[in-house]
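The values are calculated or read from the model by the stated rules, or taken from the named source; none is laboratory data. Please read all numbers here as calculations on a predicted model, not as lab measurements. Cβ sites come from the backbone with ideal geometry, for glycine too, and all protein chains shown count toward neighbours. In case anyone asks, the SASA skips ligands and DNA or RNA and just uses the protein heavy atoms, side chains included. Shrake-Rupley method; radii C 1.70, N 1.55, O 1.52, S 1.80 Å.
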Amino acid sequence: MIALATLFSFTACAGFGIGGQKRVDGKTVTVVYEADKIDYWTDIKNGYETQYAEQGYTLNLIPVGGGQVQDKQQTMIAQNDAPDLILGGDVHIGNQFKYLLPLDELLARDDAEVDSADFISAVLDKCKRDGKTYYLPEFFNVSLLYYNKDIFDAFNATPANADRLVEYPQADWTYEEFYDTADKLTVRSGGAVSKFGCYSTIGWWGEWLIHVRQAGGEFMKDGYVDLNTTAAKAGLQRYYDKMFAANRISNKPGIDETFGDFSTKNYAMDYGGHISNWSIFRGIKGLDWDVQLLPAVNGNHAGGELAVSAYGIYKNSKSVEATWSLIKYMTRKRSFEEWNAYPYPPCRTSGKELLLAVPKAERPAPQNLEAAYESLENGYCKSLPSEKYFTYVNLTIVQNYVTKILEGEYNVSDGLDEATKRANDYIRQNYMS
């Protein structure tokens, strides 16, 4: 009995640590990642295991297909075999916070090392809920206008265009100025097009929702889809007209599939491209590109998508300290050389200042890094709805009707009316009853 009492006393005093988390000596951190990012994660694994060799920390990487990280994490959690590191962010925090370990005590303990005040507040604020910090951010995405400099330059170098020269996209462009330039850069011969002024993202909300928001509409209000409004319809009509107007400036579904995407050099611009593609674009030989703010619609630049990719700790992890060390390693301060090789714009003020101190002409693409930070810090982009059914409702129901609109089965108004009705019937039946 004395021995048992001593054991219980030891467990009570020494068995729990941060936030009451059960203290264990796990050395391995399990992470789910997208298989096409193997080089990126291999570098992280090598750097992390080298830095923490004395502690014996290791990284166990579980690859999955593109876009399957969240599903795999949820499956592992349901099977009581959760990964230690949880990939999340602003869109996921409303669903994930219940099984994440708040990081505030760890931050307070290690803030001399972490320097949380160095994170850009517009990013770090997206990692909090009810006053608690659940993630540290790795990178952010904002919707921008991408453009191919060579196509602009070639147009201006053509003698026949001497009286209608075009300029690179400007921060104060209106949507009308954007369309006029894209129209000039579209190469037509009869009814055929050999080069487009702009790329259109099809089959996903990545662009059409930008147009809806720029028109003053929104995808969701009070938990229900809200796309049957005048503003939402005006925005989607603008997206539709890029592809189907008499002077169309972009690819249509189906018939223009051979043109590929912006990376193929068949498009002068890309409306709402994602920062996650920077590393891909940088690796394409001969692609000379840059970014600019989205054109203003009715005097307003706002409407793009903000997404914060961040990392937290599973609350029942057996490797809390090892996982926390991994998060600190991935979100650490870096030297100029490290930031210059990093595939995304830094979430830290110190990193931002290091890169922006370099004259634009001396930077690798994209040279106009200021546009990304201006969009972020001026609130031109905002997060997607955080309802746990957003992705399913959007991709499975709403996107189906957007596709039908593009295929001519519905006009914009009727298609969005039907999409809104069907989506809200599903929400009402499955989540609001």
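Could you run through region 28-39 and say how many residues are surrounded by 16 or more Cβ atoms within 10 Å (Cβ to Cβ) and of a type in the set (A, V, I, L, M, F, W, C)?
3
Is there any pair with a first residue in region 87-107 that is of a type in the set (G, A, S) and a second that is buried (at least 18 other Cβ atoms within 10 Å of the Cβ) and assigned to a helix (DSSP H, G or I) whose Cβ atoms are under 8 Å apart and which are 6 or more apart or on different chains, and what are they?
Listed by first residue and then by second, the contacts come to G88/Q96; G89/K126; G89/C127.
Testing L306 on (1) farther than 30 Å from Y52 by Cβ; (2) assigned to a loop (DSSP other than H, G, I, E, B), one condition comes back false. Which one is that?
With respect to (1) farther than 30 Å from Y52 by Cβ; (2) assigned to a loop (DSSP other than H, G, I, E, B), L306 is out only on (2).
Which numbered condition in (1) farther than 26 Å from W41 by Cα; (2) in contact (Cβ under 8 Å) with a residue 24 or more places away in the chain is the only one that L124 fails?
Against the list (1) farther than 26 Å from W41 by Cα; (2) in contact (Cβ under 8 Å) with a residue 24 or more places away in the chain, L124 comes up short only on (1).
Give me a count of the residues in region 285-301 that are crowded, with 17+ Cβ neighbours inside 10 Å and either part of a strand (DSSP E or B) or of a type in the set (A, V, I, L, M, F, W, C) (or both).
9
Which one of T420, T391 is out of contact with any strand residue (DSSP E or B) (no Cβ under 7 Å at 6 or more places or on another chain) and either open to solvent by 30 Å² or more (accessible area, probe 1.4 Å) or in contact (Cβ under 8 Å) with a residue 60 or more places away in the chain (or both)? Don't jump to the end; show me each part of the working.
Numbers: T420 fails: out of contact with any strand residue (DSSP E or B) (no Cβ under 7 Å at 6 or more places or on another chain).
Result of the check over T420, T391: T391.
Hey, can you tell me all the residues within region 273-296 that are modelled with pLDDT under 95 and within 16 Å of E207 (Cβ to Cβ)?
The answer is G273, H274, I275, S276, N277.
For region 206-242, which positions are open to solvent by 20 Å² or more (accessible area, probe 1.4 Å), touching a Ser or Thr at 6+ places or on another chain (Cβ under 9 Å) and of a type in the set (F, W, Y)?
Y224
Of all residues in region 85-116, which are β-branched (V, I, T) and either assigned to a strand (DSSP E or B) or within 23 Å of T28 (Cβ to Cβ) (or both)?
Of everything in region 85-116, those that are β-branched (V, I, T) and either assigned to a strand (DSSP E or B) or within 23 Å of T28 (Cβ to Cβ) (or both) turn out to be I86, V114.
Going by the structure shown, is S386 polar (S, T, N, Q) and assigned to a helix (DSSP H, G or I)?
Values: polar (S, T, N, Q): yes; assigned to a helix (DSSP H, G or I): no.
Taking the combined requirement at face value, the residue does not satisfy it.
Filter region 156-195 down to residues that are of a type outside the set (K, R) and either more than 32 Å from the chain's Cα centre (by Cα) or closer than 17 Å to D290 by Cα (or both), then give me how many there are.
In the first step, residues of region 156-195 are kept if they are of a type outside the set (K, R); the result is 156-163, 165-183, 185-187, 189-194.
Then keep just the ones that are either more than 32 Å from the chain's Cα centre (by Cα) or closer than 17 Å to D290 by Cα (or both); that gives 156-163, 165-173, 178, 181-182, 185, 189-192.
Total satisfying the criteria: 25.
Mind checking which residues of region 180-204 are open to solvent by 40 Å² or more (accessible area, probe 1.4 Å) and part of a helix (DSSP H, G or I)?
Listed by number, the residues that qualify are D180, D183, K184.
Name the residue that is least open to solvent (accessible area, probe 1.4 Å), counting only residues in region 320-369 that are of a type in the set (K, R) and more than 24 Å from S263 (Cα to Cα).
From region 320-369, those of a type in the set (K, R) are 328, 332-334, 348, 352, 360, 363; that's our starting set.
With more than 24 Å from S263 (Cα to Cα) added as a condition, the list becomes 328, 332-334, 348, 352.
Working: K328: 29, R332: 55, K333: 97, R334: 39, R348: 6, K352: 40 Å².
Selected residue: R348.
When region 348-368 is examined, which residues are found to be free of Cβ contacts under 8 Å to residues at least 40 places away in the same chain and under 26 Å from I284 (Cβ atoms)?
Passing the criteria: G351, L354, L355, L356, V358, P359, K360, A361, E362, R363.
Which condition breaks for G67 when tested against (1) more than 23 Å from the chain's Cα centre (by Cα); (2) assigned to a loop (DSSP other than H, G, I, E, B); (3) not basic (K, R)?
(1)
Test K315 against the criterion of being in contact with a Leu (Cβ under 9 Å, 6 or more places away or on another chain), open to solvent by 10 Å² or more (accessible area, probe 1.4 Å), charged (D, E, K, R) and at pLDDT below 95, and give yes or no.
Against the criterion (in contact with a Leu (Cβ under 9 Å, 6 or more places away or on another chain), open to solvent by 10 Å² or more (accessible area, probe 1.4 Å), charged (D, E, K, R) and at pLDDT below 95), K315 does not qualify.
Just to be sure I understand, how many residues within region 40-88 are open to solvent by 50 Å² or more (accessible area, probe 1.4 Å) and among the small types (G, A, S)?
4
Could you list, in sequence order, the residues of region 255-284 that are of a type in the set (S, T, Y), under 19 Å from K242 (Cβ atoms) and open to solvent by 30 Å² or more (accessible area, probe 1.4 Å)?
Within region 255-284, T258, T264 meet the criteria.
Which of the residues belonging to region 37-56 are among the acidic types (D, E) and either in contact (Cβ under 8 Å) with a residue 40 or more places away in the chain or assigned to a helix (DSSP H, G or I) (or both)?
Those that are among the acidic types (D, E) and either in contact (Cβ under 8 Å) with a residue 40 or more places away in the chain or assigned to a helix (DSSP H, G or I) (or both): D39, D43, E49.
Mind listing just one residue for me: the one in region 117-169 that is in a loop (DSSP other than H, G, I, E, B), in contact with a Phe, Trp or Tyr (Cβ under 7 Å, 6 or more places away or on another chain) and under 30 Å from M330 (Cβ atoms) and, of those, least open to solvent (accessible area, probe 1.4 Å)? Break it down into steps so the answer makes sense when it comes.
In the first step, residues of region 117-169 are kept if they are in a loop (DSSP other than H, G, I, E, B); the result is 120, 130-131, 134-135, 143, 158, 162-169.
Next cut, in contact with a Phe, Trp or Tyr (Cβ under 7 Å, 6 or more places away or on another chain) only: 134-135, 166, 168-169.
Now narrow it down to the ones that are under 30 Å from M330 (Cβ atoms): 134-135.
Working: Y134: 15, Y135: 0 Å².
This residue is Y135.
Would you please list the contacts, defined by Cβ atoms under 6 Å and residues six or more apart or on different chains, that run from a residue in region 306-331 that is more than 17 Å from Q70 (Cα to Cα) to a residue that is of a type in the set (K, R) and surrounded by fewer than 22 Cβ atoms within 10 Å (Cβ to Cβ)?
What qualifies is L306/K382; A322/K27.
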